[in-house]
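Down below is the structure, laid out as structure tokens.
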Amino acid sequence: MDSRTSKQNYYLDIADSVLVRSTCLRRKYGAIIVRNDEIISTGYNGAPRGRKNCSDLGVCTRETLKIPSGERYELCRSVHAEANAIISASRRDMIGATLYLVGRDAKTNELLKDAMSCSMCKRQIINAGIETVVIRTAPLEYRTIPVSDWIENDDSIFLNL
């Protein structure tokens with residue numbers, strides 16, 4: 001009997017290791033893009049290169065303004081983990097790939113069971129040609145989302161009504 005961890009949990013464990021580089025004071029995310037069992041790129045959330053991170057400044061603007069999770073991302077200093085992973089890869093390498101995502105609370109380090117890519121990251125994932133997103137929901141559990149679902153169920157249409 002093979003007692004090794006599943007491939008999905010193996011890659012999610014790596015994404016969980018990547019998130020320790022996050023500089024966000026609110027949420028830490030790690031993402032990796034995998035195609036044909038090869039890691040194409042990794043990403044974590046943090047300020048753009050050369051800018052001060054929230055962890056350097058000691059303040060989160062969205063936290064200070066008490067902005068709920070999932071709202072007003074334009075006020076966030078960070079580039080999201082998914083976006084950083086996409087930026088670091090070539091589109092031809094991402095076509096048909098899987099993005100693995102893990103999120104943790106920055107203060108408690110608790111796993112974010114309801115982690116989800118924001119609408120802006122969803123658009124980038126779609127345009128990158130990524131086929132599937134796997135998100136950790138518990139230490140050995142995850143949900144798998146076909147990116148085609150985000151294309152068919154276009155949440156940006158409802159935002160504009």
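The values are calculated or read from the model by the stated rules, or taken from the named source; none is laboratory data. It should be emphasised that the depicted structure is a prediction, and the values quoted were computed from it without experimental measurement. Positions of Cβ are generated from backbone atoms using ideal geometry, with glycine treated the same way; all protein chains shown enter the neighbour counts. These accessible areas exclude ligands, DNA and RNA; they are computed on the full protein's heavy atoms, side chains included. Shrake-Rupley method; radii C 1.70, N 1.55, O 1.52, S 1.80 Å.
Tally Lys/Arg at +1 and Asp/Glu at -1 over every other residue whose Cβ is under 13 Å from the Cβ of K28; what's the total? Spell out each step's value before the answer.
Values: positive: R21, R26, R27, R104, K107, R136; negative: D16, D105, E110.
Taking every Cβ under 13 Å from that of K28, the sum is +3.
Can you work out ³J(HN,Hα) from phi for every residue in the range 139-148, in order, using Karplus 6.51 cos²θ - 1.76 cosθ + 1.60 and θ = phi - 60°, giving whole Hz and x for Gly and Pro?
Here the 3J(HN,Hα) series is x, 10, 10, 7, 10, 10, 10, x, 4, 4 Hz.
Please work out how much length the chain gains when fully extended from D149 to D93, using 0.36 nm per residue of separation minus the C-alpha to C-alpha distance, in nm with one decimal. Each step should come with its number before you reach the end.
On the way: separation 56, 0.36 × 56 = 20.16 nm, distance 2.14 nm.
That works out to 18.0 nm of additional length.
With Cβ to Cβ distances under 13 Å as the rule, what net charge do the other residues near A106 carry (K, R +1; D, E -1)? Intermediate results must be reported in sequence, preceding the final value.
Numbers: positive: R21, R26, R27, K28, R62, R104, K107; negative: E63, D105, E110.
The answer is +4.
Rolling a 1.4 angstrom probe over the protein heavy atoms, how many square angstrom per residue are accessible across the chain?
Values: 9470 Å² over 161 residues.
Solvent-accessible surface per residue comes out at 59 Å².
Leaving out ligands, DNA and RNA, and with a 1.4 Å probe, what % of the accessible surface on the chain is carbon or sulfur?
It is 49 percent, rounded to a whole number.
Apply the Karplus parameterisation 6.51 cos²θ - 1.76 cosθ + 1.60, with θ equal to phi minus 60°, to every residue of the range 84-95 and state each ³J(HN,Hα) to the nearest whole Hz, in sequence, with x for glycine and proline.
5, 5, 5, 4, 7, 10, 8, 4, 4, 7, 8, 4
May I ask you to derive the FRET efficiency for D56 and I14 from their Cβ-Cβ distance with R0 = 30 Å, giving the value to the nearest 0.05?
Working: r = 26 Å, r/R0 = 0.86.
Once rounded, the FRET efficiency stands at 0.70.
Mind ordering 85-98, 28-41 by average Cβ neighbours within 10 Å, highest first? Don't jump to the answer; show the numbers that get you there.
Numbers: 85-98: 17.0, 28-41: 20.3.
Ranking the peptides 85-98, 28-41 by packing returns 28-41, 85-98.
Given the options Y10, N36, P48, identify the residue whose Cα lies farthest towards the positive end of the charge dipole of the range 1-106 (+1 on Cβ of Lys, Arg; -1 on Cβ of Asp, Glu).
Ranked along the dipole, the leading option is P48.
Check E141: other-chain or 5+ apart residues with amide H under 5 Å from its amide H, H built from backbone geometry?
none
Please list, in order along the range 36-46, the HN-Hα scalar couplings obtained from phi with the Karplus expression 6.51 cos²θ - 1.76 cosθ + 1.60 (θ = phi - 60°), rounded to whole Hz, x for Gly and Pro.
6, 6, 10, 6, 8, 6, 10, x, 9, 7, x
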